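Engineer: Here it is, the structure in full.
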Amino acid sequence: MNTPIDIIIPTCLTVEAVTPLAEEVRDSAGVDVRIYATCEDACASKNRNIGLEWAASEFRIMMDDDITGLPQGWVSALIQPLKDHPECVMVSPQLITPDRKYAVMMGCPDPRPIGTGLRIVVGPHLLTACIAIRKDSLRFDERFIGSGWEDNDYCDRQNKRYPGCTRIIQSDIQVVHRNEMKNQQEHFGRNRRHYFATRGAR
């Protein structure tokens with residue numbers, strides 16, 4: 001019997017608001033999944049950490065509540081690179097905008113079309129809007145307010161714990177990221193300062 005893959009939706013929205021996404025996840029997954037929508041009126045880091053504590057599967061997926069357009073069978077395709085490449089700590093689909101253009105992802109200067117497979121991320125960071133990761137004790141810094149910069153910090157923590165690690169973009173899986181940036185713009189400057197002020201302490 002296959003163990004379900006845990007899907008974390010870290011969100012400050014209500015259960016009712018994220019139900020359509022949960023249904024889309026379940027309908028398109030292609031494998032047995034458990035969906036954990038956090039639905040806490042808290043910062044992105046707090047909601048991410050709640051989901052990580054709830055999740056039990058060895059490989060898990062974390063996806064923002066503004067992801068949609070999930071293709072059939074996407075879960076296995078996103079997790080497989082973690083199984084095939086022990087040095088890989090994070091896999092993301094290729095993010096696209098609602099009008100089907102390539103979306104900002106960090107470390108992705110050369111987005112490629114479906115059919116071009118896997119590619120290694122350039123640089124130390126990758127956007128965490130929709131990622132597959134392994135089970136471990138790493139958590140997000142809850143001192144960030146709202147959202148923004150917590151994903152940079154998390155990648156830094158991975159880099160420190162797993163020297164020489166890589167991140168992969170699965171170009172053959174493309175999902176829409178609406179990039180709503182909830183509670184981000186008003187806290188961007190403060191979160192940026194916190195990120196750079198604490199880099200040496202990670």
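Engineer: For the pair Asp110/Asp41, report the inter-label distance in nm, with labels modelled 7 Å from Cα in the Cβ direction.
Structural biologist: That separation, rounded to one decimal, is 4.8 nm.
Engineer: Of the options Cys130, Phe196, Ile114, report the single residue whose Cα projects farthest towards the positive end of the charge dipole of the chain (beta-carbon charges: Lys, Arg +1; Asp, Glu -1).
Structural biologist: Of Cys130, Phe196, Ile114, it is Phe196.
Engineer: Also: Along the Cα-to-C-beta direction of Glu180, a point sits 7 Å from the Cα; which residues of segment 70-101 have their amide N less than 18 Å from that point?
Structural biologist: 70, 96-99, by backbone N distance to the label point.
Engineer: Assuming 0.36 nm per residue, please report the length gained on full extension of the stretch Glu23 to His85 beyond their Cα-Cα distance. Intermediate values should be presented prior to the final figure.
Structural biologist: Values: separation 62, 0.36 × 62 = 22.32 nm, distance 3.03 nm.
Computed gain between Glu23 and His85 is 19.3 nm.
Engineer: For segment 5-201, build the charge dipole from Cβ charges (+1 Lys, Arg; -1 Asp, Glu) around the Cα centre, then report which of Val15, Gly69, Ser92 sits farthest towards its positive end.
Structural biologist: So the residue we want is Ser92.
Engineer: Check cross-link reach from Lys135 to the lysines: straight Cα distance under 18 Å, and skip same-chain residues fewer than eight apart.
Structural biologist: Answer for Lys135, where 18 Å is the Cα cut-off: Lys46, Lys83, Lys160, listed by chain and number.
Engineer: Could you check the simple spin-label distance between Tyr162 and Thr97, using points 7 Å along Cα→Cβ, in nm with one decimal?
Structural biologist: Between Tyr162 and Thr97, the label points sit 3.1 nm apart.
Engineer: Using only the alpha carbon atoms of segment 71-202, find the Kirkwood hydrodynamic radius as the inverse mean reciprocal pair distance, in angstroms to one decimal. Each step should come with its number before you reach the end.
Structural biologist: Numbers: mean 1/r = 0.0645 Å⁻¹.
About 15.5 Å, per the Kirkwood formula over Cα pairs.
Engineer: Now for a separate question. If you put +1 on each Lys and Arg Cβ and -1 on each Asp and Glu Cβ, how big is the dipole of the chain around its Cα centre, in Debye rounded to 20? Display every interim value, and only then the final one.
Structural biologist: On the way: 25 positive and 27 negative charges, 167 e Å.
Here the chain has a charge dipole of around 800 debye.
FYI, it's all coordinate maths here, none of it is from the lab. Bear in mind the structure is a predicted one, so any value in this text is a computation, not a measurement. Positions of Cβ are backbone-derived with ideal geometry, glycine not excepted, and every protein chain shown enters the neighbour counts.
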